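Below: one structure, written as C-alpha cells.
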C-alpha cells in the first residue's frame, strides 16, 4: 500500500510516519510534500499512491485546491485541527477526516476502511449521507475560524499562489475575478459570496459607493470586495 503525505509541519510528519508504521506496517511512504504547488508537481511526475494523507491548511492555501485542479485517483484521508472543512472533504474522493492530534485507533480504522473498500468503486467510498452526518456530528469542536490568506490561480498554464495582501479587489463579470495592486486580473473558482465568507470580516468596513460599485474596503489590507457589478 503506497502513501503520499501532504503536511507542512515536520513534527506532524514524523509523528504520522510513526503512527502509520504501527497501524499499517505494509505501508510505503512514497513521498512527503508541504505545499499545494509541490503536491501538484509531485502528483504530475509520479504514479499516484493508493492513499493520500493530507493536512488541509498549508502554507500556500488549502489542500482542497490540489484536488480541484488535478484529477487524482488516490483515496484521500484528510487530517486537520479544524472540523469546519468536513463537508468539503467528503465532496472530494475522501474516505475519512481525522482531527489532530491523530489517534492511533482512528488512523487504523481509516486504513481498514480503505482495505475494505479496495477493489470496489473508490468514488463511492462515502456515499451514504447518514455516514457523513454521523461523522460531522462527531467533529463538533469549538475551533477558531481560519480565514484565507492566499488564493491559488492559473497563469500561463501554471498555478501560482497570490497573497491576499497583494489583491486590490474582487469582482464579477460572467466569471469571478480579482485584480492585484499591479493591475493583473485572475479568475477564481468561487462566487463573491463564497469569497466574502473566506476572508476575515474584522478587516471590512461598512459598505460604501465608489465609482458606481457597491463595495467593502479592507481597513488593514486595503482590499476591495465588489459585491455587485453594475
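For the stretch 9-33, a residue qualifies if it is crowded, with 18+ Cβ neighbours inside 10 Å and in a loop (DSSP other than H, G, I, E, B), and the qualifying residues are 24, 27. Considering the conditions (1) within 16 Å of the chain's Cα centre (by Cα); (2) surrounded by 13 or more Cβ atoms within 10 Å (Cβ to Cβ), residue 176 is excluded by exactly one of them, (1). For the stretch 48-66, residues that are without any contact (Cβ under 8 Å) to a residue 60 or more places away in the chain and more than 13 Å from residue 7 (Cβ to Cβ) total 3. Selection of the stretch 2-27 for residues being under 17 Å from residue 49 (Cα atoms) and touching a residue at least 60 places away in the same chain (Cβ under 8 Å) yields 4, 6, 7, 16, 20, 24, 27. Within the stretch 35-42, can one find any residue that is in a strand (DSSP E or B), in contact with a strand residue (DSSP E or B) (Cβ under 8 Å, 6 or more places away or on another chain) and at pLDDT 85 or above? No, the conditions are met nowhere in the stretch 35-42. When the stretch 126-169 is filtered for residues that are assigned to a loop (DSSP other than H, G, I, E, B) and either within 23 Å of residue 36 (Cα to Cα) or modelled with pLDDT of 80 or more (or both), the ones remaining, listed by number, are 144, 145, 146, 147, 148, 149, 156, 157.
The residues of the stretch 85-105 that are farther than 20 Å from residue 72 by Cα and either loosely packed, with under 15 Cβ neighbours inside 10 Å or modelled with pLDDT under 85 (or both), listed by number, are 99, 100, 101, 103, 104, 105.
Check residue 6 against each of (1) more than 19 Å from residue 98 (Cβ to Cβ); (2) modelled with pLDDT of 95 or more and name the one condition it does not meet. So the condition that residue 6 fails would be (1).
The values are calculated or read from the model by the stated rules, or taken from the named source; none is laboratory data. Since the structure is predicted, the reported quantities are computational estimates derived from the model, not experimental observations. Every residue, glycine as well, gets a Cβ built from its backbone with ideal geometry; the counts of neighbours run over all protein chains shown.
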